[in-house]
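What follows is a short report on a single structure.
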Amino acid sequence: MDEYRQIFENNKAWVQSKLANDEHFFSKLASDQKPHFLYIGCSDSRVPANVIMGLDEGEVFVHRNIANLVVATDNNINAVIQYAVEYLEIKHIIVCGHYGCGGVKAALHPTDMGQLNSWLQGLRDVYRIHQQELDGISDAHHKFDRLVELNVIEQCVNLVKIDHVQRKWYQTGFPQLHAWVYDLHKGLLKELDIDLGAYFSSIRSIYDLKIGEE
Ligand code: CO
């Protein structure tokens, strides 16, 4: 059997295993979803959200794109975030990058990549914002890793710029934002050691839309 057809066999086997565990598995899942987490990660095939988080079907709302970017003019991610925040009322938004990210690597070594150029511009902007720190790192590997981390932090900043996120946060204190990096070599998730609250406070005068005063 070819690898494409095999997928449908895999699917049937998965259904059987779920039903063997709980005969109402699919009827319960079909009735509604109430995930508490929105995960924004890279499209990289080696970083599957549910699997690395150890969460079951129905437990995490997922958006993935190249290098886990939160782009203000991206209708796709804006719809995901608005739906997650306003309707699902998720409690946590996680931006998860990963070391060894091909998108981040491409941004470090500018070449003409056609359609990808405009997307990668977001990563080059992160490099520009943190150029002093990054160019001070002599080891190329460490510099690459650091840009992966700084990109995650800047995408969290892009989240707090969004009106839906600000509105819900002022109303309820949620969503809380989290900056993670996944280590491909170890399989481990890492919470970045940064006080996001303090970072957000330092830029509040620029991005706060005064929604809390409505
Ligand atoms: Co990646």
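The values are calculated or read from the model by the stated rules, or taken from the named source; none is laboratory data. Every value quoted in this text rests on a predicted model; they were computed, and no experiment measured them. Cβ coordinates were reconstructed from backbone atoms using ideal geometry, including for glycine residues, and neighbour counts include every protein chain displayed. Ligands, DNA and RNA are excluded from the accessible area calculation, which covers all protein heavy atoms including side chains. Shrake-Rupley method; radii C 1.70, N 1.55, O 1.52, S 1.80 Å.
From G114, G100, G122, grab the single residue that is within 16 Å of the ligand (Cβ to nearest atom), small (G, A, S) and part of a loop (DSSP other than H, G, I, E, B).
Working: G114 fails: within 16 Å of the ligand (Cβ to nearest atom); G122 fails: part of a loop (DSSP other than H, G, I, E, B).
Exactly one residue qualifies, and that residue is G100.
Condition first: closer than 16 Å to N65 by Cβ and assigned to a strand (DSSP E or B). Can you find one or more residues in the range 83-93 that meet it?
yes
Given the criteria within 15 Å of the ligand (Cβ to nearest atom), in contact with an Asp or Glu (Cβ under 7 Å, 6 or more places away or on another chain) and assigned by TED's automatic domain parsing to the domain that holds D145, does V95 qualify?
On the way: within 15 Å of the ligand (Cβ to nearest atom): yes; in contact with an Asp or Glu (Cβ under 7 Å, 6 or more places away or on another chain): no; assigned by TED's automatic domain parsing to the domain that holds D145: yes.
Criteria not met by V95.
Residue check, I137 against (1) open to solvent by 40 Å² or more (accessible area, probe 1.4 Å); (2) among the aliphatic types (A, V, I, L, M); (3) in contact with a Gly (Cβ under 7 Å, 6 or more places away or on another chain), all met but one. Which one?
Only one criterion is unmet by I137, namely (3).
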